[in-house]
Structures are given as structure tokens and as C-alpha cells.
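Down below is the structure, laid out as C-alpha cells.
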Amino acid sequence: MISSRITVENVVKSYGSTKVVGDCSFALEPGKLTVMIGPSGCGKSTLVRLLAGFEPPSEGGIAVDGAPAVGPSHDRLVLFQETALFPWMTALDNVLYGPRARGRVNEHTVQRAMELLHKVGCGAFAQKYPTQLSGGMQRRVELARAMINEPKVMILDEPFRGLDALTKELMWQYYAALFEETGRTHLFITTDIDEAVFLADRILIMANKPTRVRAVIDVDLPRPRSLETMVANDRAAEIKQQALDILHDESLRSFAGGNKAALDFIASYERRFGRVAASAATEQQ
Amino acid sequence: MIIDKLRTRAARRAVVSLLVFAVLWELNARFLSKNVPPPSAVLAAWVTVVGQPDYWHSWYMSFTRVLGGFSAAMLVGIPFGLLLASSRTLFGVFFPVFEVLRPIPPLAWVPASIIFWPTQELSIAFVTFLGAFYTIVINVIGGAQAIDPRYFEVARSMGATRWNVFRRIILPATLPSIVVGAVVGMGITWEVVVAAEMISGGGSQAGGTAGGGLGFLIWSSYVGGSYELIVLGMISIGIAGLISSELLRKLGVYVTPWIQARSS
């Protein structure tokens, strides 16, 4: 089965007496790209570590196609915020790391690795070390390194954070193309609303205290997507506005709960849309 | 190839600076400090000595000791450092002892080592070993503890075995620190071997094949009053140290190609 359904049920994660994730439930639909967006400090990165199996949840469970997921596995691979390519391996060796570690390498694997590198636009750099590549290229090689393992679910934790705007848009296109081709289940974490709308099939808007899914927005935009069509698309703008309204509302709550980081978002939102939109969102519920 | 190298600006500067240094030294020896042998006299001494097997035997003795002590320090120090870095328990047990012994200068071990080890040669080897050992261990521990924990998470996710993680992650990630430790350790080894040879190698109890070496050459020249040979011995050590550090650095670049790649 190529596409898997991942279910998160009543997951709680506490460190000592601090509850970082509290009673969180959601599902990742098979073959869909789910984007998770939410205010900072709402436990997104902790959820990533739980999904990847780096840490066990304190309560509740995570299942892949109904089978409980325990510990790290190449079923569930993570692309971290900053590059975690092995600096001592060439791009190609990095991509081949997973298959080699499991002792499954033949000519076909090497061929597949090269194919993936070409697909992310790094074919000519197969023999280069990570330090010889640009930041954007490093992320793409890392994407190829994960994809060669054909994970049941790919988890991307703000992978394009810190890249400049143009590089970021280029990354969206490479990534969307790769996703559309493989058709596997993906979870993409971000704080960037444009990124979310461009990539997502579904957007999960998270709330904190306790961490839970605040709203789900189905992004019914056609694939394949390109920046040109997205900019002019009314439906895309509508989805973006809808998501921003909910996020603004959530930030207000989060700020009221003592989260100072939420204030920046509220300020920029109100500068952009005025208070009218904010009150409209509150009335909608 | 050497001609090519001489054409570079850096090489020309090096040659000029060495020549100026020699000229100043010559002038100083002739007019100011008359008991310092001038470079011309040292060169003359070198010409006579260069054909004698005894001189090259001194090189051979010192090099053997340095290589022996240094290799032993690498062979023991790298696994020891990796072991300490990988286990909190072992670190807790061994590191305090290590930290108490580390500040003791290797040369302070000379008398104890002469008493403890059965032969002169072994005691010199032991002191040389100590010179490099601490530096290598400290560097290995530092390098291994600084490995990005995400590398382990990536490896575990992708189904790597413990051996694979050690072989393909821990070892290469620590290699640059090992190289730095080795280069520094090699320098210390030369300092220590020469002093150890002066103290023990030239001693009256040096019977049979023991003794000798560049340190001993300096010491015996001092005792024998041939000042040119003292300076010749010193320069020989400088060159020997330079050769070993350079070789080690080359080897370091060869085993860590990704470090060099950064600048190209």
C-alpha cells in the first residue's frame, strides 16, 4: 500500500509537570498533503518528534494504517528545520545512506538516487559535499535522501524556514512536483500562510492550551499548481483570508493566555486588514 | 614542481625571510655575540656530518621514538576517547582520574618512568606516548560530544544498526577533531622526545643500544664543546618536526576531504 492513513488519538506529551501537547487528535488522509499551521509554542515540533518516534507520547497513541507506531522507523521520516545532511558524505552518498544502512543497495538503487537528485535539480552536484551546495540545494538533497526510503508518511518540520523569498518559491515548486509524483502521505509544518495555501490539500490550524486542531480547511485547488496560477486565483485568496481570520482569533486567545509571541501576528494582521475582519471572524463562530 | 612552487609569492617571501634571518644571524655571531656559532660554521659542520651514518642514526632514533609513542597514543587514545564520549558511566568513572593526571607534564614522568620501565628505550617511549595521549583524548571526546544529535535521529529513522552509526556517523564526525589532536600531539611528542633523550638517553647508565637520538646529539655536543653541532642538532629537530607535521596535515586533508571542499 503506497498511501497510508496516520491517526493521532488523544495524544498527550508532558515533560515533568509541563504539558506540552495536551489531548491532541487528528488524522492524515492517505496520499494527501496536510499542512499544519499554528501560533509558535503550540507544540508543533513536539508533535513531529512523537510522530517520528523519537519520543513516546505520555498518553494516547499514533497509528499507521491502524498499526501502532512505536519508535523511529523509515516508515515515518522527518525533514528538519535546518539541514541535517551528513557533511562527510557527498550528495549522492547522503541520498544512498538509508538504503545502505538497511543493506539494500543495487544498481537500481543508485539509479533511483540519481533520478531523485535530478528531479530536485541537483543531478549535476551528486559528487559535491553539502558545504559546497547552497542552502536551497541542501534542503532539496535532503528531500531526496528521505524520499528514496519511500516512507509511508513524510513529516516536514518548517523545512524552508530561513531561505530567502525567491528560493522558497522555487522550493515549493520542486517539493510540490515531487509530492504530486509520488502520491504519498505528507505532513508539512509551517508558519507561512502562503506556503500553506500553495502546498496543502488540507490545512490544520492548531490551537494551544491544550494543543488541538482548531479548524480544518480543505484546499480544493487543482493540481499541479504553479505560482503563476495561484497568485491570480480568487479561491486561493479566499482560503488564505479564511485561514488568517482563524489564526488571528487564535493568536488573540493565545496572547490572552500569556503568549507574547502572538502579539506580532496580531499587530501585523490588524495593520493589513483592519479590525473589521477580526470581529467578523469572531462573529462567525 | 619545486620550481613552480618557487614562483608563487608566498614561496618567494619564505625564501627571502629565511635568507635575511641567516644574514642577520651571521652578522650577530661575527660582531656581537662571539660565542654563538655563525650559520656558515653550522653549514660547514653539516657538510662534514651529513655523510656520517651516526648523524642519520640520530634522526632514525628520534623518528622511531616519536612514531612509536605517537602511534601508541593514537591507538589507545582514540578508542579511549570514543568510549568516554559514548558512555556517561565510563565518563564519570575515568574522566576525573584523567583530569588529575593530565596537568602533570610528561617530563615530570621521566624519573618515575626510568624506575618503572625495564629499559631506557621503553621509558622514553612511555614519556613520548604521554605527550600525545592527553591531547588526542581531549580532542576525541570534544569532537564526539559535539555531534549534532539529529544525525543520530536521521540514522535511527532510516534503520541503521549501532555498528553502522558508529562506522558511518560517529567516526567521520569525530575525524576532524582527531586530525587536530594528532597534529598538536605530534608537536608535543617532538618536544618531549628531545628532552627525554637529553635526560635519559645520554645518561651514563645508557648501555648497549640505548641512547642516541637528536636530543642526545645536542646534549653530547654541549658536553663535548662543539657548538656548531648543538645548533645543527636544533635545526635538525626543527626540520624533523616540520616534516612530520606536514605529513600529518596532508594525511588529515586526505582522510577528511569534505573539510577542504568548503574553500574550493
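Consider the range B:43-80. How many of its residues are within 20 Å of B:SER245 (Cα to Cα), touching a residue at least 12 places away in the same chain (Cβ under 8 Å) and not aliphatic (A, V, I, L, M)?
9
Is there a residue being farther than 20 Å from A:HIS74 by Cα, in a strand (DSSP E or B) and not small (Gly, Ala, Ser) anywhere in the range A:179-187?
No; the residues of the range A:179-187 include none that is farther than 20 Å from A:HIS74 by Cα, in a strand (DSSP E or B) and not small (Gly, Ala, Ser).
What number of residues within the range B:158-171 satisfy the criterion of being surrounded by 15 or more Cβ atoms within 10 Å (Cβ to Cβ) and over 14 Å from A:ARG100 (Cβ atoms)?
The total comes to 2.
Report, by residue number, each residue of the range A:5-61 that is of a type in the set (Ser, Thr, Tyr), surrounded by 15 or more Cβ atoms within 10 Å (Cβ to Cβ) and closer than 26 Å to A:ASP220 by Cα.
Scanning the range A:5-61 gives A:THR7, A:THR34.
Just to be sure, is A:VAL35 of a type in the set (Val, Ile, Thr), within 22 Å of A:ARG161 (Cα to Cα) and within 14 Å of another protein chain (Cβ to nearest Cβ)?
It is false that A:VAL35 is of a type in the set (Val, Ile, Thr), within 22 Å of A:ARG161 (Cα to Cα) and within 14 Å of another protein chain (Cβ to nearest Cβ).
Give the residue, chosen from B:LEU90, B:LEU84, B:LEU107, that is among the hydrophobic types (A, V, I, L, M, F, W, C) and over 22 Å from B:ILE147 (Cα atoms).
One residue alone meets the criteria, B:LEU107.
What single numbered condition from (1) at pLDDT below 90; (2) within 23 Å of A:LEU204 (Cα to Cα); (3) within 14 Å of chain B (Cβ to nearest Cβ) fails to hold for A:GLY41?
So A:GLY41 meets the others, but not (3).
Could you tell me which residue of the range B:31-69 is nearest to B:PHE129 (Cα to Cα), considering only residues that are of a type in the set (D, E, K, R) and outside any loop (DSSP other than H, G, I, E, B)?
Per the stated criteria, the residue is B:ARG65.
Can you tell which of B:ALA10, B:ALA72, B:ALA22 is closer than 30 Å to B:VAL179 by Cα and at pLDDT 90 or above?
Exactly one residue qualifies, and that residue is B:ALA72.
Only helices (runs of 4 or more DSSP H) wholly contained in the range B:166-262 count here; list those with 1 or more residues that are modelled with pLDDT under 90 and over 30 Å from B:ARG156 (Cα atoms).
The qualifying helices (runs of 4 or more DSSP H) are B:171-196, B:214-224, B:227-255.
Could you tell me which numbered condition A:ARG104 fails, if it satisfies all but one of (1) of a type outside the set (Asp, Glu); (2) within 8 Å of chain B (Cβ to nearest Cβ); (3) in a loop (DSSP other than H, G, I, E, B)?
Single failed check for A:ARG104: (2).
Which ones in the range A:229-258 are of a type in the set (A, V, I, L, M, F, W, C) and more than 20 Å from the chain's Cα centre (by Cα)?
Within the range A:229-258, A:VAL231, A:ALA232, A:ALA237, A:LEU252, A:PHE255, A:ALA256 qualify.
Could you tell me whether the range B:129-142 includes any residue that is part of a helix (DSSP H, G or I) and more than 19 Å from B:PHE70 (Cα to Cα)?
Yes, there is a match, as at least one residue in the range B:129-142 is part of a helix (DSSP H, G or I) and more than 19 Å from B:PHE70 (Cα to Cα).
Inside the range A:68-101, can you point out the residues that are in a helix (DSSP H, G or I) and farther than 24 Å from A:GLU55 by Cα?
A:ALA91, A:LEU92, A:ASP93, A:ASN94, A:VAL95, A:LEU96, A:ARG100 - these are the residues of the range A:68-101 that are in a helix (DSSP H, G or I) and farther than 24 Å from A:GLU55 by Cα.
For residues that are surrounded by fewer than 24 Cβ atoms within 10 Å (Cβ to Cβ) and of a type outside the set (A, V, I, L, M), scanning just the range B:124-140, find the one that is nearest to B:PHE91 (Cα to Cα).
Looking at the filtered set, the residue picked out is B:TYR134.
If you take the residues in the range A:107-128 that are within 14 Å of chain B (Cβ to nearest Cβ) and within 21 Å of B:ALA160 (Cα to Cα), which one is farthest from the chain's Cα centre (by Cα)?
Looking at residues that are within 14 Å of chain B (Cβ to nearest Cβ) and within 21 Å of B:ALA160 (Cα to Cα), I get A:THR109.
Could you check, for the range A:182-191, whether at least one of its residues is within 17 Å of the chain's Cα centre (by Cα), of a type in the set (A, V, I, L, M) and surrounded by 16 or more Cβ atoms within 10 Å (Cβ to Cβ)?
Yes, the range A:182-191 has at least one match.
For B:LEU18, indicate whether it is free of Cβ contacts under 8 Å to residues at least 60 places away in the same chain, aliphatic (A, V, I, L, M), out of contact with any Lys or Arg (no Cβ under 7 Å at 6 or more places or on another chain) and not assigned by TED's automatic domain parsing to the domain that holds B:ILE230.
When the stated conditions are applied, B:LEU18 passes them.
Taking the options A:THR190, A:THR185, name whichever one is at pLDDT 90 or above and closer than 16 Å to A:SER45 by Cα.
It is A:THR190.
Could you tell me how many of the residues in the range B:145-157 are surrounded by fewer than 17 Cβ atoms within 10 Å (Cβ to Cβ) and of a type in the set (Asp, Glu)?
Count: 1.
Is it the case that some residue within the range A:95-112 is surrounded by fewer than 21 Cβ atoms within 10 Å (Cβ to Cβ) and small (Gly, Ala, Ser)?
yes
Which residue out of A:ARG214, A:ARG235, A:ARG272 is of a type in the set (Lys, Arg), modelled with pLDDT of 75 or more and not in a strand (DSSP E or B)?
Answer to the check: A:ARG235.
Looking only at residues in the range A:72-101 that are within 24 Å of B:THR256 (Cα to Cα) and without any contact (Cβ under 8 Å) to a residue 40 or more places away in the chain, which one is farthest from the other protein chains (Cβ to nearest Cβ)?
A:LEU92
The values are calculated or read from the model by the stated rules, or taken from the named source; none is laboratory data. What you are looking at is a predicted structure, and each value in this text was computed from that prediction instead of being measured. Backbone-built Cβ (ideal geometry, glycine too); neighbour counts: all protein chains shown.
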